[in-house]
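Computed from the coordinates by the stated procedures, all read-outs in this text should not be read as laboratory data. None of the values given here were measured: they were computed from a predicted structure. Reconstructed Cβ throughout: ideal geometry from the backbone, glycine too, with neighbour counts over all protein chains shown.
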């Protein structure tokens, strides 16, 4: 029985990973890093910004703390969101309309900060579709740990096994599966080479998601 659809944000609602990458590289250049392949960023997609900076500090021997670079990186990213025009992922608006019309609850569960999530939802004028949102600031352990998705289900008052998660990242898919939820893997090319093989269904467009698929996922006991 389908009770709720849980949306990741970066790479599912907004094609944001290239923006994250650009702001990160600008910071790294200040430390003398001249080569920062996108795949270095992509391995942290779905995780906290803190995890990314902790990894980069170790890899590039940066004289800084993960806390300081997280704050700087988040500020640079949020400024970029405010200053530039961006569009939601193609097909998102129609997908939200289809789910809303069915009476199914929706919520955002993202490793981004609450400020970041609110900014994106407001920018695209889609806040009204969701019952709320949960962020990495609301849990002690983030993706691939399932806590953020379990908190989303608890917030909605629904059973985790009756939830479908839409994710674009390996870590997010793992978190959804560990939470006992069904997962649709969205193959977003701008999210890097993500292993979505554990998702119950993999799609390359939001237009491929309909109510029949969502309902079937919560009934099926095996992979479709």
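With axes computed from alpha carbons, what is the tilt in degrees of helix 147-156 against the longest principal axis of the chain, rounded to the nearest 10 within 0 to 90?
40 degrees
Under a GNM of the chain (C-alpha, springs under 10 Å), which listed residue has the highest mean-square fluctuation: 131, 24, 212?
212
Build a GNM of the chain with springs between Cα atoms under 10 Å: which of 116, 159, 208 gets the top mean-square fluctuation?
In the Gaussian network model the winner is 208.
Springs between alpha-carbon atoms under 10 Å, Gaussian network over the chain: tell me which of 71, 13, 209 tops the mean-square fluctuations.
Among 71, 13, 209, the largest GNM mean-square fluctuation belongs to 71.
For the range 5-51, state the semi-axes of the equivalent ellipsoid (square roots of 5 times the eigenvalues of the alpha-carbon gyration tensor), sorted largest first and rounded to whole angstrom.
23, 10, 9
Based on alpha-carbon atoms only, what is the radius of gyration of the chain relative to the globular estimate 2.2 N^0.38 Å?
The chain yields a ratio of 0.99.
At q = 0.16, 0.25 Å⁻¹, what base-10 log of I(q)/I(0) does the Debye formula yield for the range 17-83 when every alpha carbon is treated as an equal point scatterer in vacuo?
Here the Debye-derived log intensity ratios amount to -0.46, -1.23.
Antiparallel as a % of all DSSP beta bridges within the chain, to the nearest 5?
5 percent
What number, rounded to the nearest 500 deg cm²/dmol, is the helix-based mean residue ellipticity at 222 nm of the chain, given -39500 (n - 2.57) per DSSP H run of at least four residues and division by all its residues?
-13000 deg cm²/dmol
With each pseudo-label sitting 7 Å past Cα toward Cβ, what's the residue 119-residue 80 distance in nm, one decimal?
Roughly 1.1 nm, to one decimal.
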